[in-house]
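The values are calculated or read from the model by the stated rules, or taken from the named source; none is laboratory data. A quick note: this is a predicted structure, and the numbers were derived from the prediction, not measured. Positions of Cβ are backbone-derived with ideal geometry, glycine not excepted, and every protein chain shown enters the neighbour counts. Protein only, heavy atoms only, side chains kept; ligands, DNA and RNA dropped before computing areas. Shrake-Rupley method; radii C 1.70, N 1.55, O 1.52, S 1.80 Å.
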Amino acid sequence: MDLSAELKENLISRIKNSNDITLLNKLKTIFDSSEQALYQLNAEQEIAINSGREQIKREEFSANAKVITDLREWLSKK
């Protein structure tokens, strides 16, 4: 096992076994902040994401299986 995989396994094990809410919240904050640095969204992208989230809250979406079925049906007509 390479060093990276070994370190990941060690961290995963320690996180799973921890009941320290303070530590777990700190780890969550670290992960959240590192993810934010990965994604630099422009205003239009943020609006689109927020719009999608609002649609989900209003249950204005289709199940994945239905979308796939509809797509296959549409493709079969082409």
Members of segment 5-48 that are charged (D, E, K, R) and assigned to a helix (DSSP H, G or I)
E6, K8, E9, R14, K16, K26, K28, D32, E35, E44, E46
Among the residues of segment 24-40, what is the count of those that are of a type outside the set (S, T, Y) and open to solvent by 80 Å² or more (accessible area, probe 1.4 Å)?
9
When you scan segment 49-71, how many residues do you find that are surrounded by 10 or more Cβ atoms within 10 Å (Cβ to Cβ) and not in a helix (DSSP H, G or I)?
2
